[in-house]
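Note sheet for the following structure.
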Amino acid sequence: MAGVHTVLHAATLHKPHVATHGRQDFVDINVTGTLNLLEEAVAAGVQAFVFTSTTSVFGDALIPPAGAPAAWITEDVSPVPKNIYGVTKAAAEDLCQLFHRNHGLACIVLRTSRFFPEEDDNPEVRAAYADANVKTNEFLARRVDIEDVVSAHLLAAEKARSRGFGRYIISATTPFSPDDLAQLRTDAPRVVRQRVPAFEGEYARRDWHMFPAIDRVYVNARARAELGWEPRHDFAAVIARLRSDGELASPLARTIGRKGYHAGAFAEGDYPVERSPNG
């Protein structure tokens, strides 16, 4: 890292690898790998360290009990990881905070929501909705376009030294407010009609459907306030793009395309159904 000013650390084993890799693999790559980078960054005098984390660290905190309103997810919600992926990403975040505290390394953690182009990993969701329908619905509460992810990383690198340390949710700006949370669990289409009425005509034209219920809403207010982040791709913008040129993804997302998580295919498509013995 000699001469390196900024580290953008996006390497990881991801959730789809839980079924193909053991827990120790996740620790070796996501935790020890991050520790190695942090130590070398300090030794080389790196000025800014940006860690790509995930909203998956919230885990079971994302799922309200039956009858409760949808969860309003800000950075103040305590993570409750539910798998080895979430555990190791949360541990890596804490390592970043430790290196800021003990070594003065400027570290920004970006908890990104969904931006992958692959189909949903839930077979019931894949069976019930067209893929583009699922992704468009998710822009209301739990998805972000890769173009906005990139802009957040560039801003994090720029602002790291002045911020010192911070954790930020990186997700599309939701049209919802806390007042909507109870009804989102029981009648999400009604709330969406109130907040973004323009969606109905485009959905009808495509024979798409809104989710009957939404159980969590990611809130990006802190990233917008403290990093100056201005995400461009929210639900209303996506509806407008679908109406104008028929494209769900931004130009950058289309250029990047689909990379995949594994070298081969599985019975369920992108996602393996067998779990590893120690996974």
>> Just want the ordering: I146, I73, from fewest to most Cβ atoms lying within 10 Å of their own Cβ.
In response: I146, I73
> Here are some values of Kirkwood radius over Cα pairs in Å: (i) 18.6; (ii) 19.8; (iii) 19.2. Which one was computed from this structure?
Replying inline: (ii)
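From Cα pairs below 8 angstrom and at least 6 apart in sequence, can you work out the relative contact order of region 106-182, rounded to a whole percent? List each step's numbers first, then the result.
Details: 78 pairs, mean separation 40.9, N = 77.
With pairs under 8 Å counted, the relative contact order is 53 percent.
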> Using a Förster distance of 22 Å, how high is the FRET efficiency between L252 and L35, based on the Cβ-Cβ distance and rounded to 0.05?
Replying inline: 0.10
>> Using each residue's phi in region 164-169, evaluate 6.51 cos²θ - 1.76 cosθ + 1.60 at θ = phi - 60° and report the 3J(HN,Hα) Karplus result to the nearest Hz, with x for Gly and Pro.
In response: x, 8, x, 10, 9, 7
> Which residue, P81, P69, P251, tops the fluctuation ranking in a GNM of the chain built on C-alpha contacts under 10 Å?
Replying inline: P251
> For the Cα atoms of the chain, what angle does the longest principal axis make with the long axis of helix 235-245, in degrees from 0 to 90, nearest 10?
Replying inline: 70
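Relative contact order of the chain, please, whole-number percent, based on alpha carbon pairs below 8 angstrom and at least 6 residues apart.
Details: 469 pairs, mean separation 69.4, N = 279.
Answer for the chain is 25 percent.
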>> Within the chain, count lysine pairs with alpha carbon atoms under 25 angstrom apart where the residues are 8 or more positions apart or belong to different chains.
In response: 9
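Every read-out reported here was derived from the displayed coordinates using simple, explicitly stated rules and does not represent laboratory data. Everything numeric in this text was worked out from a predicted model, so none of it was measured. Heads up, the Cβs are rebuilt from the backbone with ideal geometry, glycines too, and the neighbour counts pull from every protein chain shown.
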